[in-house]
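Peer 1: Please see the structure below; I have some questions.
Please treat every number below as a calculation from the coordinates, not as lab data. What you see is a predicted model; the values in this text were computed from it and never measured. Here the Cβ is made from the backbone with ideal geometry for all residues, glycine too, and neighbour counts use every protein chain on show.
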Amino acid sequence: MGVIETLSLAMGTAWTSGINLYATVAALGLAGRYELIHLPPGLEVLMNPLVIGFACFMYVIEFFADKVPYVDSGWDAVHTFFRIPAGAALAYGTVAGDVNPALQLVATMAGGGVALAAHGTKATARLAINASPEPFTNWAASIGEDIAVFAGIWTIFNYPLLMLFFVVAFTATAIWLVPKFFYLIKRAVASIRAWFRGQPPQTSAVKTPTAG
């Protein structure tokens with residue numbers, strides 16, 4: 001694999017794992033096992049039937065859990081401890097081999113950072129969506145995220161440069177939006193608390209002129 005292809009695979013899989021780790025592992029493992037793609041030696045473990053089977057099983061669970069309001073946010077909170085380290089591990093596995101150890105460390109840290117940006121954006125967006133009581137937005141967001149993961153993996157192997165540009169742009173945008181994320185989280189948490197207490201969601205007060 002060339003430099004662009006390697007970087008695209010390392011950063012691209014880190015990004016997709018930040019959104020849906022199990023879909024990423026299952027898709028890569030199945031595609032590699034059926035020789036649809038060529039995985040580097042450091043990622044060949046993904047083709048192990050046990051790894052594929054476990055990833056598919058967990059993907060089915062996440063498929064349903066991710067579409068239930070509030071359950072999806074709880075699932076995201078728990079998977080903060082899985083998606084980000086896994087993104088770093090996938091990036092490391094991509095460059096593992098006869099590569100300068102310093103480059104391996106940089107790739108691992110970059111992969112973790114990209115996975116953090118993807119996971120943080122997903123979790124914040126879903127938390128904000130949960131401020132709305134209807135479930136249809138959750139379903140649409142969940143299905144859209146799954147499509148994005150599979151489309152991202154396809155792009156990694158067919159248009160590696162495009163995927164690399166996308167990941168860089170996405171990460172930069174996520175960093176720029178960090179202050180807004182905190183604001184959304186604060187409002188979403190307040191709305192969720194109000195919902196559990198049986199109170200109407202908090203909305204911004206709008207003053208209207210009165211006749212006098």
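Peer 1: Of Met47, Met109, how do they rank once you tally other Cβ atoms within 10 Å and put the fewest first?
Peer 2: Details: Met47 17, Met109 13.
The order, fewest Cβ neighbours first, is Met109, Met47.
Peer 1: Quick one: 3J(HN,Hα) in Hz for the range 71-82, Karplus 6.51/-1.76/1.60 with θ = phi - 60°, rounded, Gly and Pro as x.
Peer 2: 3J(HN,Hα) across the range 71-82, in whole Hz: 5, 4, 5, x, 4, 4, 4, 5, 7, 4, 7, 10.
Peer 1: Taking the Cβ-Cβ separation of Phe64 and Ala96 as r and a Förster radius of 41 Å, what is the calculated FRET efficiency to the nearest 0.05?
Peer 2: Efficiency, rounded to the nearest 0.05: 0.75.
Peer 1: Next question, about the same structure. At a Förster radius of 35 Å, what calculated FRET efficiency corresponds to the Cβ-Cβ distance of Ala151 and Ala77, to the nearest 0.05?
Peer 2: Result of the calculation: an efficiency of 0.85.
Peer 1: Taking neighbour counts of Cβ atoms within 10 Å as a proxy for exposure, in what order, fewest first, do Ser17, Ser142 appear?
Peer 2: Details: Ser17 30, Ser142 22.
Taking fewest neighbouring Cβ atoms as first place, the list is Ser142, Ser17.
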